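Enquirer: Quick one: this structure, given as structure tokens, is what I'll be asking you about.
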Amino acid sequence: MAEHINLLLVDDENDFRQILAKRLTRRGMYVREADRGEKALQMMEEQPVDIVILDIKMPGLDGIECLQRIKANHDMTEVIMLTGHADVHGGVTGIKSGAFDYLTKPVELEHLIRKIKQAHHKIQRILAEKEEAAFKERIQQQMVVAERLVALGTMASGVAHEINNPLAVIQDSAGWLHQILEKPEMQNMPRIDDFKKGLNRINTAVKRAGKITQQLLQAVKTQTTEMVDPSTFVEVSLKKLTDEAITLVEPEASLKNIGITLESCEPHPIAWTDPLQLLQVLLNLLSNAIQATDAGGRVTMILAASLEEAKIIVKDTGCGISKENISRIFEPFFTTKEADQGTGMGLYVSWGIITGLGGLISVESEIDKGTTFTITLPVKK
């Protein structure tokens, strides 16, 4: 619709430009004016526009050079060139340089408006195609992960149960040996302290292995429909839920002098989901972001919504994830943390929860610049 089109009218003929701007404004378009190419480029840096109506013949930076610089820096902006009757060649040159079309002066208003709408329709079509391609890429990413995790989940369930049995034997045996070492007659045993240290290490390793198997079993269970109980779904204010998540991790962030901010536009999005499971995912993402970010950095949460879906975005300014690792980020046991800092199950469990809630979770990252996780959920109809 015309009222959603932002125009920049560039022409050094003041009377012509001002009259045309008024007529286009009456048609519901938002029009800004520039009397030379240099000023137009500056205005576009300050506030991008959809379409530029650009005169070819201007003092200083001429229309063709201005067009080329616009297309180089604002590839989604369409340009309609204006030429005199004697300068059709200039219009053709403009099209070869990337202009949408050219019109000759004096301009017939209805013809110009049709061209503006056609150019705007082209922009909308390209944006829709890009959004569709990005969505397909996210879906493909989720499908690849899903296929891999289904197989891993089936195997992991049996493995976890089998591991628990020898772990129990090891723990009981270590405890029995520790009791023996505590007996009075054993106190003068050579290197008794070394034996005790060894048993403590065994006990620590057993606890860690037990924690991993518990998380693995929980993760496998998360992948089943038993964990997705529609009766737990309610209308959830994402603003309130994200506020709660931030409050819970603020002490951890404060210790590292990391700021956490929330960006949200009203009306705040309402999702149809399980608040406890979603809160678990948010806490995991925020904690990961804090751990990955150096002191003085920041973590930003962003809420956005459309008629069909709501998004929760968690961005950090941390160390980032390499291209080699990002494709494996949702696999169980995969972690870039030190062995005593993470089990590699948090994102795997988070993926299972969000999938069970009928949503998507995706990640983008760049080394030394930070990481962005995006959760997409269905909204309340």
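The values are calculated or read from the model by the stated rules, or taken from the named source; none is laboratory data. Bear in mind that the values here come from a model prediction, so they are computed numbers and not experimental data. In this analysis, Cβ positions are derived from the backbone assuming ideal geometry, glycine residues included, and neighbour counts consider all displayed protein chains.
Enquirer: Any residue in the stretch 134-144 that is within 21 Å of residue 4 (Cα to Cα), within 37 Å of the chain's Cα centre (by Cα) and not hydroxyl-bearing (Ser, Thr, Tyr)?
Expert: Of the residues in the stretch 134-144, the ones within 21 Å of residue 4 (Cα to Cα) are none.
No: zero hits.
Enquirer: With respect to residue 259, determine if the residue is crowded, with 17+ Cβ neighbours inside 10 Å and at pLDDT 90 or above. Reasoning before the result, please.
Expert: Numbers: crowded, with 17+ Cβ neighbours inside 10 Å: no; at pLDDT 90 or above: yes.
Answer is no for this residue.
Enquirer: Mind telling me which of the residues 123, 80, 113 ends up being within 15 Å of residue 52 (Cβ to Cβ), surrounded by 16 or more Cβ atoms within 10 Å (Cβ to Cβ) and in contact (Cβ under 8 Å) with a residue 60 or more places away in the chain? Before you say what the answer is, go through the steps one by one.
Expert: Numbers: 80 fails: in contact (Cβ under 8 Å) with a residue 60 or more places away in the chain; 113 fails: within 15 Å of residue 52 (Cβ to Cβ).
Exactly one of 123, 80, 113 is within 15 Å of residue 52 (Cβ to Cβ), surrounded by 16 or more Cβ atoms within 10 Å (Cβ to Cβ) and in contact (Cβ under 8 Å) with a residue 60 or more places away in the chain, namely 123.
Enquirer: Those residues that are surrounded by fewer than 20 Cβ atoms within 10 Å (Cβ to Cβ) and not charged (D, E, K, R), I need them from the stretch 45-62; list them, please.
Expert: Matches in the stretch 45-62: 47, 48, 59, 60, 61.
Enquirer: Please verify whether residue 139 is surrounded by 12 or more Cβ atoms within 10 Å (Cβ to Cβ), within 24 Å of residue 21 (Cα to Cα) and outside the structural domain of residue 348 (by TED's automatic domain parsing), treating the condition exactly as stated.
Expert: Details: surrounded by 12 or more Cβ atoms within 10 Å (Cβ to Cβ): yes; within 24 Å of residue 21 (Cα to Cα): no; outside the structural domain of residue 348 (by TED's automatic domain parsing): yes.
So residue 139 fails the test.
Enquirer: Quick check on residue 303: is it at pLDDT 90 or above, surrounded by fewer than 17 Cβ atoms within 10 Å (Cβ to Cβ), in a strand (DSSP E or B) and of a type in the set (A, V, I, L, M, F, W, C)?
Expert: For residue 303, the condition - at pLDDT 90 or above, surrounded by fewer than 17 Cβ atoms within 10 Å (Cβ to Cβ), in a strand (DSSP E or B) and of a type in the set (A, V, I, L, M, F, W, C) - is not met.
Enquirer: Go over the candidates 33, 45 one by one and state the one that is of a type in the set (D, E, K, R) and assigned to a helix (DSSP H, G or I).
Expert: Numbers: 33 fails: assigned to a helix (DSSP H, G or I).
Of the residues listed, the single one that is of a type in the set (D, E, K, R) and assigned to a helix (DSSP H, G or I) is 45.
For every residue, the table says whether it meets (1) in contact with a strand residue (DSSP E or B) (Cβ under 8 Å, 6 or more places away or on another chain); (2) farther than 30 Å from residue 358 by Cα; (3) among the hydrophobic types (A, V, I, L, M, F, W, C); (4) modelled with pLDDT of 90 or more.
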{"site": "58", "(1), (2), (3), (4)": "yes, yes, yes, no"}
{"site": "84", "(1), (2), (3), (4)": "yes, yes, no, no"}
{"site": "102", "(1), (2), (3), (4)": "yes, yes, no, no"}
{"site": "121", "(1), (2), (3), (4)": "no, yes, no, yes"}
{"site": "147", "(1), (2), (3), (4)": "no, no, no, no"}
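Enquirer: Going residue by residue through the stretch 275-291, is there one that turns out to be modelled with pLDDT of 90 or more, in a strand (DSSP E or B) and of a type outside the set (Phe, Trp, Tyr)?
Expert: No, the stretch 275-291 contains no residue that is modelled with pLDDT of 90 or more, in a strand (DSSP E or B) and of a type outside the set (Phe, Trp, Tyr).
Enquirer: Would you confirm whether any residue within the stretch 306-328 is polar (S, T, N, Q), in the same structural domain as residue 363 (by TED's automatic domain parsing) and assigned to a strand (DSSP E or B)? Give the steps one after another, and end with the answer.
Expert: Restricting attention to the stretch 306-328, the residues satisfying the condition of being polar (S, T, N, Q) are 306, 317, 322, 325, 327.
Those left that are additionally in the same structural domain as residue 363 (by TED's automatic domain parsing): 306, 317, 322, 325, 327.
Now drop any that are not assigned to a strand (DSSP E or B), which leaves none.
Within the stretch 306-328, not a single residue is polar (S, T, N, Q), in the same structural domain as residue 363 (by TED's automatic domain parsing) and assigned to a strand (DSSP E or B).
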